[in-house]
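Here's the structure we're looking at; comments come further down.
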Amino acid sequence: MTNEALSRQPAVFKLGGSLLDLPDLGKRIDQWSRQFAGPKSIWIVGGGKAVDQIRRSFSLGVIGEVKAHWDAIQAMESNAKKLHRSSPKLQNWPLIHSVEALKSSVSQSRTNCHDGCFFLTSSWMKTVVDLPKSWSVTSDSIAARLAVELGLNRVVLVKSKSPPDGSPDQLAELGYIDDYLPILVRKFRLTLEFINLRSDDFHQNRKG
């Protein structure tokens, strides 16, 4: 399969929370998705500054790690809803709460994720028992675990900068991805891709 053909396969996309301050974010997502993502692109949104605040509360001992985990997931949902409301280019993308509805969208030729859709993960995450409820798991690993749930092997992390050279383990050591993601990549043989959405040419890298 060529790189171009692979780039049109269904995938789970994780939008990094560090991108939420881009004034033209909705336009960039819509433009990149139409050019490269292909049909049935499923997006989750990272926690961004809200999760930074949760981390500070945890570091001060105000909350425990498990509560921080669930608060961060709620922050991800809130960011997805805000992005959906504030971006005219993305308002036709559905917000999907049910993983069963998402599975149906992926498996059927007719889908309400034709251009793209946002998945709100909190209800589904309550059923996921094989991810640690700790800071080793962020939206990076949640996106990968969702791909496994949907029977997909392509995970695209949309970030503010291109990745340094190195394996997934090395990227985790550098803090570019979370600590648990390399475990999922190995276990499920996932294809991991990175997009620098701040770049004018949407620079893309593929690992695995």
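The values are calculated or read from the model by the stated rules, or taken from the named source; none is laboratory data. Note that the structure is predicted; figures quoted are calculated from it, not measured. All Cβ positions, even for glycine, are placed from backbone atoms using ideal geometry, and neighbour counts span all protein chains on display. These area figures cover heavy atoms from the full protein model, side chains too; ligands, DNA and RNA do not enter into them. Shrake-Rupley method; radii C 1.70, N 1.55, O 1.52, S 1.80 Å.
One table, with the values for the structure above:
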{"read-out": "Helices (runs of 4 or more DSSP H) fully within region 103-188 counting 1 or more residues that are of a type in the set (Asp, Glu) and either open to solvent by less than 70 Å² (accessible area, probe 1.4 Å) or over 13 Å from VAL12 (Cα atoms) (or both)", "value": "139-149, 168-173"}
{"read-out": "Only listed residue being small (Gly, Ala, Ser) and in contact with a strand residue (DSSP E or B) (Cβ under 9 Å, 6 or more places away or on another chain), chosen from SER59, SER105, SER87, SER134", "value": "SER105"}
{"read-out": "Pick from region 14-37, criterion open to solvent by 10 Å² or more (accessible area, probe 1.4 Å) and outside any helix (DSSP H, G or I), ranking: modelled with the highest pLDDT", "value": "LYS14"}
{"read-out": "Any chance LYS81 is over 14 Å from PRO10 (Cα atoms) and touching a residue at least 60 places away in the same chain (Cβ under 8 Å)", "value": "no"}
{"read-out": "Residue selected from region 189-202 under the condition surrounded by 17 or more Cβ atoms within 10 Å (Cβ to Cβ) and out of contact with any helix residue (DSSP H, G or I) (no Cβ under 8 Å at 6 or more places or on another chain), by the criterion nearest to LEU152 (Cα to Cα)", "value": "GLU193"}
